[in-house]
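Contents: one structure, followed by commentary.
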Amino acid sequence: MNTWPIAPGEEASGLAIDIVHHRLFAGCHNKLMAMIDSTTGKVVTTVPIGDGVDANAFDPGTTQCAFSANGDGTVTVAHEDSPDKLIVVQQLGTERRARTMALDPVTHKIYLASAKFEAQPPPEPAAPRQRPKIIPGSFKILVYGIDKPPSH
């Protein structure tokens, strides 16, 4: 087992892989996606992403895109132009907190879980911060597809 630094990335959350080109895509909490060589551990490049990343995905099919689902209500779409070049092609607006994501490699669609939440409860002294509760009946799945692969 190897341990590699991801600087300038910090606190990786989501991780995806391009098996063919040996590239890992790490979504980092300092608003960066790091593209890492999976054979050497070297950070090849980084691109900016939204705030609050939770999940990453890579579409090895026709799109060659890496996705970062962010809690700020965005999905960053970055195209792997080459094994050494990653370019942000879209900052897709979704919904706040919709950051749990899955990719269908056949249809090239991404799926995000979303819901509406109650107001944040006030903090109680010496108690851990509580997450707001989901409003019953508000859960839904957001589905996004790519019309055509990005070209550069």
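Looking only at strands (runs of 3 or more DSSP E) that fall completely inside the range 1-93, which ones have 1 or more residues that are crowded, with 19+ Cβ neighbours inside 10 Å, of a type in the set (Gly, Ala, Ser) and touching a residue at least 40 places away in the same chain (Cβ under 8 Å)?
Answer list for the range 1-93: 12-18, 23-28, 53-59, 65-70, 74-82.
Looking at LYS85, LYS42 in this structure, which one is within 14 Å of GLY9 (Cβ to Cβ) and among the basic types (Lys, Arg)?
Numbers: LYS85 fails: within 14 Å of GLY9 (Cβ to Cβ).
Only one candidate passes the filter, namely LYS42.
Scan the range 134-152 for residues that are modelled with pLDDT of 85 or more, in a loop (DSSP other than H, G, I, E, B) and not β-branched (Val, Ile, Thr) and report the count. So that I can check it myself, show each step before the final result.
Restricting attention to the range 134-152, the residues satisfying the condition of being modelled with pLDDT of 85 or more are 134-145.
Applying the additional criterion that residues be in a loop (DSSP other than H, G, I, E, B) yields 135-139, 145.
Imposing the further condition that a residue be not β-branched (Val, Ile, Thr) reduces the set to 136-139, 145.
Summing the residues that are modelled with pLDDT of 85 or more, in a loop (DSSP other than H, G, I, E, B) and not β-branched (Val, Ile, Thr) in the range 134-152 gives 5.
Among the residues of the range 94-144, which ones are among the acidic types (Asp, Glu) and either exposed (fewer than 12 other Cβ atoms within 10 Å of the Cβ) or in contact (Cβ under 8 Å) with a residue 12 or more places away in the chain (or both)?
Answer for the range 94-144, where residues must be among the acidic types (Asp, Glu) and either exposed (fewer than 12 other Cβ atoms within 10 Å of the Cβ) or in contact (Cβ under 8 Å) with a residue 12 or more places away in the chain (or both): GLU95, GLU118, GLU124.
The values are calculated or read from the model by the stated rules, or taken from the named source; none is laboratory data. In this text, all values refer to a predicted model and were calculated from it rather than measured experimentally. Glycine gets a Cβ as well: all are built from the backbone with ideal geometry, and neighbour counts include every protein chain shown.
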